[in-house]
Amino acid sequence: MNSWYAEIIEILVILILVIFFIIFLVMLIKAKRNNKNTKSKIIFLSVDIILLACSLLFVLSHPTYYKFNDWFILKSDIKSVVLEYGQYDLGSIEDGKSGKIGYYIYTDNSPIMPDHLKHYYWIYYDENGMVEKVEESLQPGG
């Protein structure tokens, strides 16, 4: 899935949850003013807050691409990343040398200005195998 589509979906989910939060909050305030039962409104509001917090946590921990948790990857060594996410598509891992590996994420064939190139999630690591940086970028030579 193109990262633009994933970001639009993430933004829409958060926007919908914020709208629900506002609606439930208004309903709760109205119920309190009219001395009506507020238990169900509090439950709906609490569930919405939990969903909103989980959504925000996901978006913040996956800023580069939705399939890869940047927080986990940036705190790990390269071998544990490969164990977690499987075999990489480009690059190599050599002990005692810095380098990068790439996971294929999509080919941009979007309807608006596609580049028709393969996009990769690149993970850069140092000589000790600790991940230094992650980014989404094009295929080499692209």
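Computed values, structure above
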| quantity | calculated |
| --- | --- |
| Per-region count, the range 70-87, residues surrounded by 14 or more Cβ atoms within 10 Å (Cβ to Cβ), of a type outside the set (S, T, N, Q) and free of Cβ contacts under 8 Å to residues at least 24 places away in the same chain | 3 |
| Number of the condition not met by residue 139 [criteria: (1) over 23 Å from residue 5 (Cα atoms); (2) out of contact with any Asp or Glu (no Cβ under 7 Å at 6 or more places or on another chain)] | (1) |
| Sole exception among (1) without any contact (Cβ under 8 Å) to a residue 60 or more places away in the chain; (2) touching a strand residue (DSSP E or B) at 6+ places or on another chain (Cβ under 6 Å); (3) among the β-branched types (Val, Ile, Thr) for residue 22, by number | (2) |
| Residue satisfying all of: in the range 35-69; aromatic (Phe, Trp, Tyr) and more than 17 Å from residue 121 (Cα to Cα); surrounded by the most Cβ atoms within 10 Å (Cβ to Cβ) among these | 44 |
| Output for the range 102-131, where each listed residue is of a type outside the set (A, V, I, L, M) and under 19 Å from residue 76 (Cβ atoms) | 102, 103, 120, 121, 122, 124, 125, 126, 127, 128, 129 |
| Single match in 50, 73 (criterion: touching a helix residue (DSSP H, G or I) at 6+ places or on another chain (Cβ under 6 Å), under 21 Å from residue 7 (Cα atoms) and among the β-branched types (Val, Ile, Thr)) | 73 |
| Yes/no for residue 50 being within 30 Å of residue 16 (Cα to Cα), aliphatic (A, V, I, L, M) and part of a loop (DSSP other than H, G, I, E, B) | no |
| Residue count, the range 79-115 (criterion: of a type outside the set (A, V, I, L, M, F, W, C), outside any loop (DSSP other than H, G, I, E, B) and farther than 16 Å from residue 132 by Cβ) | 6 |
| Residue list for the range 116-136, restricted to those being surrounded by fewer than 18 Cβ atoms within 10 Å (Cβ to Cβ) and part of a strand (DSSP E or B) | 118, 124, 130, 132, 133, 135, 136 |
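Bear in mind that the values in this text are calculations on the coordinates, not laboratory data. Just so we're clear, the structure is a prediction, and the values are computed from it rather than from any experiment. Because the Cβ atoms are built from the backbone with ideal geometry, glycine has one as well, and the counts that use them run over all protein chains shown.
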